Amino acid sequence: MKEFSLDYLHCIKCGSKLELEIIKKQQEIEEGFLECKNCKSVYPIIDKIPILWNDFGNYLANRRRLGSKLANSVSEKMKKFVKNSLRQGSQDFEDRTDLEERWTKIYHNSRRSKFYSIIKNHLENLPSSKLSLEYGCSIGIMSSVIADSSKLTFGVDRSFSAIQLAKKEDKENLDFVVADSLSSIFGKTKFELVVALNLLEIIEPLDFLKQISSQIKQGMLIISDPYDFERGKNSVKKTLDEQSLRLNLKKLGFEITKNTQNPSHILWNLKLNPRATLNYKTDLIIAKK
């Protein structure tokens, strides 16, 4: 974790600033804890990655194989914390470790998709910003691009595996956090640029848009989606289409740029394996306040 992140991260439960306990540090904080003195919440930093989850036990309950791996690669103090968290988490959750590792590889193998080049071109045409944020950043493809024209940039994703790969993009002004995109890990911090690419199927869209709106007082939003909401039991409750997404953004005070007022169909190729590719047609919106 970069030390500048401490100035921005807040307790999920009560919103208080967090205090840092360092266990291991070299160029950045490799292992330690973020502690809330107000409500006593504790969030671990493992392999340079802060994990801000409302219940770390349940985070690992969904990723028990990951928990076992982490427990074997950390200090004794962190090992005890991880093992205690594993015991406290529910035993009924499905292990997402293999799934998240598989999608990390898919995003890595698909990083040269034309979709990312198009988004990069749009980003390069925006004014520079002081503080930027990407939700659902995965392996950090776009977060790294954003950091080139931003004083400080954060990438947020729930996949530890993806963030591990993202952290290899070592830029002094770029840091990554494992967290749920609806968690208020940044308190009342305002951003000048927020990016959220192809994320609305796995997070309640209206709640997400309201959160983003509260984080932008004066700035830009880049959001895209293929509107693939058929996710079975994991489907969101309230879906949006290309028109209702634009309408809700306008209700929240955003002005949609002229060149994205109409729906688009940008091809996004995901290489699932050497013989199979998933092809999405994504809609892109650039909006400002």
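Taken together, the values in this text are just the output of simple stated rules run on the coordinates, not laboratory data. As the structure is a computational prediction, the values presented were derived from the model and not from experiment. Note: ideal-geometry Cβ built from the backbone for every residue, glycine included; neighbour counts use all protein chains shown.
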| remark: Toy charge model, Lys and Arg Cβ at +1, Asp and Glu Cβ at -1: the range 70-151 dipole around Cα centroid in debye, rounded to 20, equals 260 debye
| query | Which cysteines does the chain leave without a neighbouring Cys Cβ under 4.7 Å? | reply | 137
| request: Give the range of the longest stretch in the chain that excludes all GluC sites (Glu not before Pro) found in loop regions by DSSP and having at most 12 other beta-carbon atoms within 10 Å. | output: 1-93
| Cα centre as origin, Lys/Arg/Asp/Glu Cβ charges: the chain dipole, Debye | 100 debye
| query | Taking the Cβ of residue 264 as the center, what net charge do the other residues with Cβ under 12 Å away carry, scoring Lys and Arg +1 and Asp and Glu -1? | reply | -1
| remark: Expressed in angstrom, Rg and Dmax over the Cα atoms of the chain are 18.7, 56
| request: Note the angle between two axes, namely the Cα long axis of helix 114-124 and the longest principal axis of the Cα atoms of the chain, as a number of degrees from 0 to 90, rounded to the nearest 10. | output: 90 degrees
| Summing +1 for each Lys or Arg and -1 for each Asp or Glu, what net charge is found among the other residues whose Cβ lies under 13 Å from the Cβ of residue 8? | +3
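Using only alpha carbon positions, build the gyration tensor of the range 152-289, then give the equivalent ellipsoid semi-axes as the square roots of 5 times its eigenvalues, largest first, whole angstrom.
Numbers: eigenvalues 102, 96, 48 Å².
After diagonalising the Cα gyration tensor, the semi-axes are 23, 22, 15 Å.
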| task | Return one quarter of the surface area of the convex hull spanned by the alpha-carbon atoms of the range 3-95, equal to its mean projected area, in nm². | result | 5.8 nm²
| query | With charges set only on the Cβ (+1 for Lys and Arg, -1 for Asp and Glu), what does the dipole of the range 171-216 come to about its Cα centre, in debye to the nearest 20? | reply | 200 debye
